[in-house]
Amino acid sequence: MDLLLATRNPNKTREFHELLGQAFDVIDLSSFLEIAIPEETGRTFEENATLKAIAASKKLPNLVIADDSGLEVDALGGAPGIFSARYAGENANSKENISKLLHELRAQNIATEKRSARFRCVIALAQDGKVLGVFEGLVEGKIVEPPRGSGGFGYDPIFEPKGFDQTFAEMTPESKNKISHRGQAIATLRDALREID
Ligand code: ITT
């Protein structure tokens, strides 16, 4: 099955390839540079995923999926949440975002045992400007300091999932995918795609 992933984040595309496997041919917007990703003006992951999926599906006939995801830190009232990609500024990189997050936790004197957090992923499926479904996954864990590991992307070096002693960045891609927010959202997406096929 052909799927267009409405993203310009190559790390997301890689994980979709790993998770969906051979049965799906996933291409992303790097093949369609003329198609703009809309500004993420929504107030929730669902609104933003939907916005991105609908916009791309109005431009191309493909079945489109879009992923909106991020990290919610309880002691920071759920921040960075939907602002995860741009927490330290519009063009911030992962290192800067991580630095800001750890700085905030230190500034607010948040003890190690109070650093609970979760990754959330919402995937919207759309075609011809209409949403066909929304799929969500989340994984609970905690923020660790200093960052550990060199795999994955984004906030992976500071996120240790519950029940494990490695951060996502220390795990193999297979181990991360098995338990990740994206892995869980894709599992439910896959069930829905079976019905469409
Ligand atoms: P697109 O909108 O083009 O898909 P983006 O990176 O801007 O790409 P989001 O707005 O959904 O996507 O932001 C997600 C951010 O949340 C991402 O840039 C990371 O900082 C973080 N994030 C999401 N999933 C993650 C994961 O599995 N591991 C680490 N960080 C993750």
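None of the figures in this text is laboratory data; all of them are computed from the coordinates on show. Everything numeric here is computed off the predicted structure, so don't read it as measured data. Don't worry about glycine lacking a Cβ; one is built from the backbone with ideal geometry, like all the others, and counts go over all protein chains shown.
Quick notes on this one:
- Inter-part distance where segment 137-157 and segment 56-73 are each reduced to a Cα centre, Å: 23 Å
- Exposure proxy ranking for R148, R115, based on other Cβ atoms within 10 angstrom of each Cβ and starting from the fewest, stands as R148, R115.
- Order by protection proxy (mean Cβ within 10 Å, highest first), peptides 36-43, 122-129, 65-72: 65-72, 122-129, 36-43
- Å³ per residue enclosed by the Cα convex hull of segment 82-140: 109 Å³
- Charged-residue dipole, Cβ positions (Lys, Arg, Asp, Glu), segment 96-159 about Cα centre, Debye nearest 20: 160 debye
- In summary, the lysines within cross-link reach of K12, defined as a Cα separation below 20 angstrom excluding same-chain residues under 8 places away, comprise K52, K95, K176, K178.
- Cβ charges +1 (Lys, Arg) and -1 (Asp, Glu), total dipole of the chain, debye: 320 debye
- Unit charges at the beta carbon, dipole of segment 4-68: most positive-side option, F45, L5, Q22: L5
- Percent of Cα-Cα distances greater than 23 Å, calculated over segment 1-141: 38 percent
- Anchor K58: aspartates and glutamates whose Cα lies under 12 Å away (excluding residues fewer than 8 positions away in-chain): D128
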